[in-house]
Amino acid sequence: MDVLQSVTGLFLGLFMWLHMFFVATILLGHDAFWTVARFFEGYFFFGRSLPWLVSLFVAAVSAMLVVHAWLALRKFPAQWKQHAAFWRHMGRLRHGDTTLWLVQVLTGFAMFFLAPVHLYLMLTHPELIGPYESADRVWSGRMWPLYLVLLFLVELHAGVGLYRLAVKWVAFRDPRRSLRILGRLKWAFTVFFLVLGLLSLAAYIKLGIEHADRVGEPYIPAWIKTAP
Ligand code: HEM
């Protein structure tokens, strides 16, 4: 079960880093994000959009999340004695990685409730992924507060999670030096993806405010509008 939890965690962590790059293409321009969204719908392979392909992928990611969360529940302190023992242990040890374990439990628990809101919208309305469509959802659809909280939860959880996987499964020749480097890398990646996510969210909010009087209007790139 530990191996399965690590494998699903590795998949979800790497997926989230890729996901953030895809979402951040809005910073490169509306057409860039539109092209990425259409790419995942098979538009450039089948000559037309098949949004259900995205729903299939969302269903697969959701299933992975459910399995990962279920396996993680084994490690959650349940009885009061277990909670008390953990806090006493953490307070006495003052050991970074032990405290990070609590960060994993708290961010994981919070994502039980917040991630499904986002995933259900992506599963049921994959056709509404695009510059105007996403900006309308983020601003006029009031999804930005959820995204803001979820961004910090998922980037902390993914960064610490991938670090813990390396600590757990990789046999380092010089563990002390490697752990120091890994620790710095962990915070560098977490800060990088938080900044990227905040900039992207700001871009969606700005576009959402500008587009608030035309909510629901789909985005069509100029080269399609002018095409014969
Ligand atoms: C295949 C599954 C997923 C798809 C297709 C997807 C798609 C998207 C899209 C299109 C956006 C842009 C905003 C919007 O259109 O509403 C977005 C934003 C976001 N998603 Fe996902 N998502 C997926 C899974 C996840 C998961 C599993 C999480 C976290 C547990 C997550 C966390 C976020 C966050 C935090 C944002 C806001 C990013 C920012 O700061 O700009 N997503 N996602």
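The values are calculated or read from the model by the stated rules, or taken from the named source; none is laboratory data. None of the values given here were measured: they were computed from a predicted structure. Neighbour counts are summed over all protein chains in view; Cβ atoms, including those assigned to glycine, are modelled from backbone coordinates with ideal geometry. For accessibility, only protein heavy atoms count, side chains too; no ligands or nucleic acids. Shrake-Rupley method; radii C 1.70, N 1.55, O 1.52, S 1.80 Å.
Remarks
- Enumeration of residues in region 94-135 that are in contact with a Lys or Arg (Cβ under 9 Å, 6 or more places away or on another chain), near the ligand (Cβ under 9 Å from one of its atoms) and part of a helix (DSSP H, G or I): 121, 128, 135
- Any hit, region 174-181, residues being part of a helix (DSSP H, G or I), touching a residue at least 12 places away in the same chain (Cβ under 8 Å) and near the ligand (Cβ under 9 Å from one of its atoms): no
- Picking from residues in region 128-172 that are among the basic types (Lys, Arg) and over 18 Å from residue 215 (Cβ atoms), the one that is most open to solvent (accessible area, probe 1.4 Å) is 168.
- Residue identified as free of Cβ contacts under 8 Å to residues at least 60 places away in the same chain, under 18 Å from residue 57 (Cβ atoms) and either touching a Pro at 6+ places or on another chain (Cβ under 6 Å) or open to solvent by 40 Å² or more (accessible area, probe 1.4 Å) (or both) among 125, 95: 125
- Residue 190 being of a type outside the set (A, V, I, L, M, F, W, C) and more than 18 Å from residue 156 (Cα to Cα): no
- Matching helices (runs of 4 or more DSSP H) fully within region 1-76 where at least 2 residues are more than 11 Å from the ligand (Cβ to nearest atom), touching a residue at least 24 places away in the same chain (Cβ under 8 Å) and open to solvent by 40 Å² or more (accessible area, probe 1.4 Å): 2-23, 30-40, 52-73
- Residues within region 142-163 that are more than 9 Å from the ligand (Cβ to nearest atom), part of a helix (DSSP H, G or I) and either of a type in the set (Asp, Glu) or over 19 Å from residue 182 (Cα atoms) (or both), tallied: 1
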